[in-house]
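Colleague: Structure below; questions to follow.
The values are calculated or read from the model by the stated rules, or taken from the named source; none is laboratory data. Everything numeric in this text was worked out from a predicted model, so none of it was measured. So basically every Cβ, Gly included, is an ideal-geometry build from the backbone, and we count neighbours across all protein chains shown.
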Amino acid sequence: MKKSNLPAILGGEPVFKEAYHFVRPVFPPIPELLNGLEGLYESRYLTNQGNNVRTLEENIASFLDIRHCALFCNATIALMSLVHAMELEGEIIVPSFTFAATTQALLWKKNQIKFVDINRKSLTIDPDKLENNISEKTSAILPVNIFGRCCEHDELRKFAQKHNLALIYDSAQAFGTIYKGTAVGTLGDAEVFSFHATKLFHTGEGGAVVTDNSGLYERLCKIRNFGFSSYLNCTDLGLNGKMSEFSALIGLKLLDSIPSRISNLKRIYQKYKEGLKDIPGITCPDDDLDCIPNYSYFYVTIDPDKFGMTNLELNYALVLDLVVTRCYFYPPVHRTSYYQKLFSNNPFDLPETDWASLHVLCLPVHSEMLDDDLAKIIEAIWRCHVNSKSIKKVLTDKTPENWEAFLAQPTRDPYDKYILSKERA
Ligand code: T4K
């Protein structure tokens, strides 16, 4: 085999000269940012609900067509605050196939959590599995609109209504997503967005709760400001959840670009699908007729028998080609050490979650991605497939064999430590 056809892990040339990142935050044009900065210099208001935060709240609410948007310093604190504001006690139903923030936020509030399995097709909580998992203690369902896609909202709403449960969404990854013609954000009793740098719409760090409920909004505003209702008088449990004026400025300058960035991302999504369709063992997600995603994540599922490698192995091999992918979510939350200890009697039966964790790989997506870059990523995946037997030999001691092996060596990061430490094979 010619060296140029070898993946970098076997000594070939990496497809990129420098790391091709999983995501790249978009910045507003410098003149626009400078313009906004001048306003900040003049006002000298950097935080505590200044002009930028208030305007961004209004703009987001009108973008989504919802009454209220309460901005926060991040989505994790927003979710903690929401659970407190809604007085959700007892048990909350959540998926384990999510970023840890979803459940960590609940545990801070001392809520009990009940993991419910996902549906393999949508990777979101399976409405058919709810009935067997509720009890008298259940107060809410917290599904996650994962990878910018939609949950089966109509079924979830019916179930929540039937059992008088609150329905709140972790829509951290789904700003700009549409379900049956309605914006995600407006479906649940309240929903949480993340505006972290890695998100389609970002403010560096940031998050929001959106809701039509005015009382809830007012309470959230109080909670994020130490629980003050009048100067230094705490009338509620509170914390510091405020977004800074600088963060809000970035958001103000980026919001208008969201529709055109979503259409760029859609084009990239389609190109990925077209480019990957002939690679054995790689399956792209089906289109969901009820949902227009924001296309900010592109995931594939990998059949190791047909492709020749697992998702984790491919993730590792691609790093050497300087392609940064993410095995979201390996391990799923319930498999992590803290949760294993917390639920020491191991009451989990989440086969689809485990399956997703062992098969899903998210590929890099940038709204400004060049066709050439996309072609290089696809080429790198092909090279790995063709050389999978040799790669597996190289990787024997580098990727964990099972969950236990992964947890036993918490310092071993299966992701891009090679890039970070410049440790190349
Ligand atoms: N619920 C869900 C479902 C979530 O996905 C999240 C967050 C939350 C709740 C909580 O939201 P926040 O409290 O964070 O607002 C990232 C983010 O840190 C996290 O916000 C996000 N989900 C999660 C899915 O992804 P990492 O650790 O995987 O990101 P990291 O640092 O490895 O970066 C990913 C790629 O982006 C790399 O290729 C580097 C590149 N990058 C990253 C940053 C931060 C940049 O190019 N520039 C940057 O500034 O967690």
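Colleague: Looking for whichever is touching a residue at least 40 places away in the same chain (Cβ under 8 Å) and closer than 15 Å to Ser247 by Cα here; the options are Leu71, Leu6, Leu34. Which one fits? Step through it out loud before you land on a result.
Modeller: Working: Leu6 fails: closer than 15 Å to Ser247 by Cα; Leu34 fails: touching a residue at least 40 places away in the same chain (Cβ under 8 Å).
Step by step, each of Leu71, Leu6, Leu34 is checked, and only Leu71 is touching a residue at least 40 places away in the same chain (Cβ under 8 Å) and closer than 15 Å to Ser247 by Cα.
Colleague: Continuing with this model, one more query. Tally the residues that are within 9 Å of the ligand (Cβ to nearest atom) and aliphatic (A, V, I, L, M), restricting the search to segment 69-104.
Modeller: Number satisfying all stated conditions: 6.
For (1) over 30 Å from Leu350 (Cα atoms); (2) in contact with a helix residue (DSSP H, G or I) (Cβ under 9 Å, 6 or more places away or on another chain); (3) not in a loop (DSSP other than H, G, I, E, B), each residue gets a yes or a no:
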residue: Leu46; (1), (2), (3): yes, yes, no
residue: Asn59; (1), (2), (3): yes, yes, yes
residue: Ile66; (1), (2), (3): yes, yes, no
residue: Cys69; (1), (2), (3): yes, yes, yes
residue: Leu79; (1), (2), (3): no, yes, yes
residue: Val83; (1), (2), (3): no, yes, yes
residue: Glu87; (1), (2), (3): no, no, no
residue: Thr103; (1), (2), (3): no, yes, yes
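Colleague: Taking the criterion of being in contact with a helix residue (DSSP H, G or I) (Cβ under 9 Å, 6 or more places away or on another chain) and more than 29 Å from Asn52 (Cα to Cα), would at least one residue in segment 180-198 satisfy it?
Modeller: Checked against the condition, which is being in contact with a helix residue (DSSP H, G or I) (Cβ under 9 Å, 6 or more places away or on another chain) and more than 29 Å from Asn52 (Cα to Cα), segment 180-198 yields at least one hit.
Colleague: Restricting attention to segment 296-317, which residues are touching a His at 6+ places or on another chain (Cβ under 8 Å), in a helix (DSSP H, G or I) and of a type in the set (D, E, K, R)?
Modeller: None - no residue of segment 296-317 is touching a His at 6+ places or on another chain (Cβ under 8 Å), in a helix (DSSP H, G or I) and of a type in the set (D, E, K, R), so the list stays empty.
Colleague: Of all residues being farther than 16 Å from Trp403 by Cβ and in contact with a Pro (Cβ under 6 Å, 6 or more places away or on another chain) in segment 334-385, which is surrounded by the most Cβ atoms within 10 Å (Cβ to Cβ)? Just the residue, please.
Modeller: Cys384
Colleague: Let me ask something else. Six or more apart or on different chains, Cβ under 6 Å: which pairs go from a residue in segment 349-364 that's at negative phi to one that's modelled with pLDDT of 95 or more and of a type in the set (Asp, Glu)? Could you list them?
Modeller: From segment 349-364, the pairs are Leu350/Asp117; Glu352/Asp117; Thr353/Asp117.
Colleague: Collect the residues in segment 224-282 that are among the small types (Gly, Ala, Ser), in contact with an Asp or Glu (Cβ under 8 Å, 6 or more places away or on another chain) and more than 20 Å from Tyr45 (Cα to Cα), keeping them in residue-number order.
Modeller: From segment 224-282, those among the small types (Gly, Ala, Ser) are 227, 229-230, 238, 241, 244, 247-248, 251, 257, 260, 263, 275, 281; that's our starting set.
Applying the additional criterion that residues be in contact with an Asp or Glu (Cβ under 8 Å, 6 or more places away or on another chain) yields 227, 229, 247, 281.
Hits for segment 224-282 are Gly227, Ser229, Gly281.
Colleague: For segment 330-375, what are the residues that are within 15 Å of the ligand (Cβ to nearest atom) and within 30 Å of Lys17 (Cβ to Cβ)?
Modeller: If the condition is that a residue be within 15 Å of the ligand (Cβ to nearest atom) and within 30 Å of Lys17 (Cβ to Cβ), then Tyr330, Val360, Leu361, Cys362, Leu363, Pro364, Val365, His366, Ser367, Glu368, Met369, Asp373 are the ones that fit.
Colleague: A further question on this structure: Do you know which residues across segment 153-182 are of a type in the set (Phe, Trp, Tyr) and away from the ligand (no atom under 16 Å from the Cβ)? I'd like the intermediate steps shown before the answer.
Modeller: Start the filter on segment 153-182 by keeping residues that are of a type in the set (Phe, Trp, Tyr), which leaves 159, 169, 175, 179.
The answer is Phe159, Tyr179.
Colleague: Let me ask something additional. Would you check which residues across segment 297-339 are among the acidic types (Asp, Glu) and at pLDDT 95 or above and list them? Break it down stepwise before answering.
Modeller: The first filter runs over segment 297-339 and keeps only residues among the acidic types (Asp, Glu), leaving 303, 305, 313, 321.
Passing the criteria: Asp303, Asp305.
Colleague: Can you tell me which residue within segment 171-182, out of those that are outside any loop (DSSP other than H, G, I, E, B) and touching a residue at least 60 places away in the same chain (Cβ under 8 Å), is surrounded by the most Cβ atoms within 10 Å (Cβ to Cβ)?
Modeller: As a first pass, look at segment 171-182 and keep what is outside any loop (DSSP other than H, G, I, E, B): 178-179, 182.
Next, from what is left, pick out any that are touching a residue at least 60 places away in the same chain (Cβ under 8 Å): 178-179.
Details: Ile178: 16, Tyr179: 23.
Result: Tyr179.
Colleague: Is it the case, given these coordinates, that Leu220 is within 15 Å of Leu82 (Cβ to Cβ) and of a type outside the set (D, E, K, R)?
Modeller: Numbers: within 15 Å of Leu82 (Cβ to Cβ): yes; of a type outside the set (D, E, K, R): yes.
Yes, satisfied.
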